[in-house]
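Asks: If you scroll down you'll find the structure; I have some questions about it.
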Amino acid sequence: MRTVFRQGRPAGRGHRSYRRGGALALGVALLATLGLSACGSDGDDTAAAPSATASFAPGTTMARLHDAGKITVGTKFDQPLFGLKNLSGKPEGFDVEIAKIITGALGVPTDKINFVETVSANREPFIEQGRVDLVVATYTINDKRKKVIDFAGPYYVAGQSIMVKKDNTDITGKESLAGKKVCSVSGSTPAENIRTQVPTAQLVLFDVYSKCADALKNGQVDAVTTDNVILLGLIDKDPDAFKLVGEPFTREPYGIGIRKGDTAFRTFINDTLEASYRDGRWAKAFSSTVGKVEKSTPTPPPVDRYTS
């Protein structure tokens, strides 16, 4: 999936523009980010502890969140390995750990993160309406979404694949989906890919992928399609029921969604991600989540500091 980048426009309402306050904001943001490399983690929490020395330019999103001492993060609650609500009612997974790395750099403690369930169809609305401060939710960066929100990252690159029942021999890849009932979720990139690449497939849409897995298990659909790592998480929960077939047929760079035009905040998040690549926090977050089924730890993708 190629991504075409466009030239910039000024920051949106309620945010200082990068041109006016960006230089100072980026300087203090980078210092705060780099200062995290010496921080450890407590227990099973793979994110760095909050920075005690974080300091940001007045008027920036970073200063607002740091001074408030709390943040609201949109993520998914039904996707094993990335964003799944556990038995204690707390979300866990790679997306959750990436969010903790970002919030730690802001000086916000883990217990002050308000995780809000954010399904594929409401990610952009939640950001635009200010219901969340950022979204980390297997969120593919693409040009259509970049018209209404901004992305930091990517922090991971997945690829769309296909899951079928363990005893299925009819479907061997994307080319086998013609005429089949294929499940995905509303508002997702995988659903749009099937709609355009396999127009004769019967697309069945739910709001979350766990419902697709249930429909596959019950024989209501023939296949489920989304990114390979999401499907691996579903298979990990029920290995006797499902399997992957074929090879991934797209490239899906996962980014962190924020309000359109907040260039200083996006730069801060990108700086924080790059620092986590260097000091091992990213690799630790991966190995404790996705790495449980994807045994080799990939090289983190370079962040894309596009202008829009």
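Asks: Given the conditions (1) touching a residue at least 24 places away in the same chain (Cβ under 8 Å); (2) over 17 Å from ARG281 (Cα atoms), and given that PHE94 satisfies all but one, which numbered condition is not satisfied?
Replies: Just one mismatch for PHE94, condition (2).
Asks: Just give me the residues in the range 210-224 being among the small types (Gly, Ala, Ser) and crowded, with 18+ Cβ neighbours inside 10 Å, in sequence order.
Replies: As a first pass, look at the range 210-224 and keep what is among the small types (Gly, Ala, Ser): 210, 213, 215, 219, 223.
Once the filter is applied, which keeps residues that are among the small types (Gly, Ala, Ser) and crowded, with 18+ Cβ neighbours inside 10 Å, the range 210-224 yields SER210, ALA213, ALA223.
Conditions tested, residue by residue: (1) farther than 17 Å from PHE82 by Cβ; (2) hydrophobic (A, V, I, L, M, F, W, C).
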site: VAL135; (1), (2): no, yes
site: ILE141; (1), (2): no, yes
site: SER161; (1), (2): no, no
site: THR169; (1), (2): yes, no
site: LEU177; (1), (2): yes, yes
site: VAL182; (1), (2): yes, yes
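Asks: Taking ASP262, is it more than 18 Å from the chain's Cα centre (by Cα), outside the structural domain of HIS66 (by TED's automatic domain parsing) and either at pLDDT below 95 or not hydrophobic (A, V, I, L, M, F, W, C) (or both)? Walk me through it before giving the result.
Replies: Values: more than 18 Å from the chain's Cα centre (by Cα): yes; outside the structural domain of HIS66 (by TED's automatic domain parsing): no; either at pLDDT below 95 or not hydrophobic (A, V, I, L, M, F, W, C) (or both): yes.
No, not satisfied.
Asks: Going through ASP227, ASP236, ASP304 one at a time, which residue ends up being surrounded by fewer than 17 Cβ atoms within 10 Å (Cβ to Cβ) and either under 16 Å from the mean Cα position of the chain (by Cα) or of a type in the set (S, T, N, Q) (or both)? Talk me through it step by step, then tell me what you get.
Replies: Values: ASP227 fails: surrounded by fewer than 17 Cβ atoms within 10 Å (Cβ to Cβ); ASP236 fails: either under 16 Å from the mean Cα position of the chain (by Cα) or of a type in the set (S, T, N, Q) (or both).
Just a single option satisfies the conditions, and that option is ASP304.
Asks: Among PRO154, PRO125, which is the only one that is over 30 Å from ASP240 (Cβ atoms), modelled with pLDDT of 95 or more and surrounded by fewer than 22 Cβ atoms within 10 Å (Cβ to Cβ)?
Replies: Working: PRO154 fails: surrounded by fewer than 22 Cβ atoms within 10 Å (Cβ to Cβ).
None of the others qualify; the one that does is PRO125.
Asks: May I pose another question? Need pairs with beta-carbon distance below 6 Å; first residue outside the structural domain of LYS144 (by TED's automatic domain parsing) and within the range 193-220, second of a type in the set (Asp, Glu) and surrounded by fewer than 17 Cβ atoms within 10 Å (Cβ to Cβ); sequence gap 6+ or separate chains.
Replies: none
Asks: Moving on. For GLY233, which of the numbered conditions (1) at positive phi; (2) at pLDDT below 95; (3) out of contact with any helix residue (DSSP H, G or I) (no Cβ under 7 Å at 6 or more places or on another chain) fails to hold?
Replies: If we test GLY233 against (1) at positive phi; (2) at pLDDT below 95; (3) out of contact with any helix residue (DSSP H, G or I) (no Cβ under 7 Å at 6 or more places or on another chain), just (1) comes out false.
Asks: Going residue by residue through the range 166-182, is there one that turns out to be surrounded by fewer than 23 Cβ atoms within 10 Å (Cβ to Cβ), among the hydroxyl-bearing types (Ser, Thr, Tyr) and within 19 Å of the chain's Cα centre (by Cα)?
Replies: no
Asks: Being out of contact with any Lys or Arg (no Cβ under 8 Å at 6 or more places or on another chain), in the same structural domain as TRP282 (by TED's automatic domain parsing) and of a type in the set (Phe, Trp, Tyr) is the requirement here; does PHE82 meet it?
Replies: Working: out of contact with any Lys or Arg (no Cβ under 8 Å at 6 or more places or on another chain): no; in the same structural domain as TRP282 (by TED's automatic domain parsing): yes; of a type in the set (Phe, Trp, Tyr): yes.
When the stated conditions are applied, PHE82 does not pass them.
Asks: From (1) at pLDDT 95 or above; (2) assigned to a loop (DSSP other than H, G, I, E, B), pick out the condition that doesn't hold for SER296.
Replies: (1)
Asks: Here is a further query. Which of the residues spanning the range 299-308 are under 29 Å from GLN197 (Cβ atoms) and either in contact (Cβ under 8 Å) with a residue 24 or more places away in the chain or not in a loop (DSSP other than H, G, I, E, B) (or both)?
Replies: As a first pass, look at the range 299-308 and keep what is under 29 Å from GLN197 (Cβ atoms): 299-304, 306, 308.
Correct list: PRO300, PRO301, VAL303, ASP304, TYR306, SER308.
The values are calculated or read from the model by the stated rules, or taken from the named source; none is laboratory data. If you're wondering where the values come from, they're calculated on a predicted model, not measured in any experiment. Glycine gets a Cβ as well: all are built from the backbone with ideal geometry, and neighbour counts include every protein chain shown.
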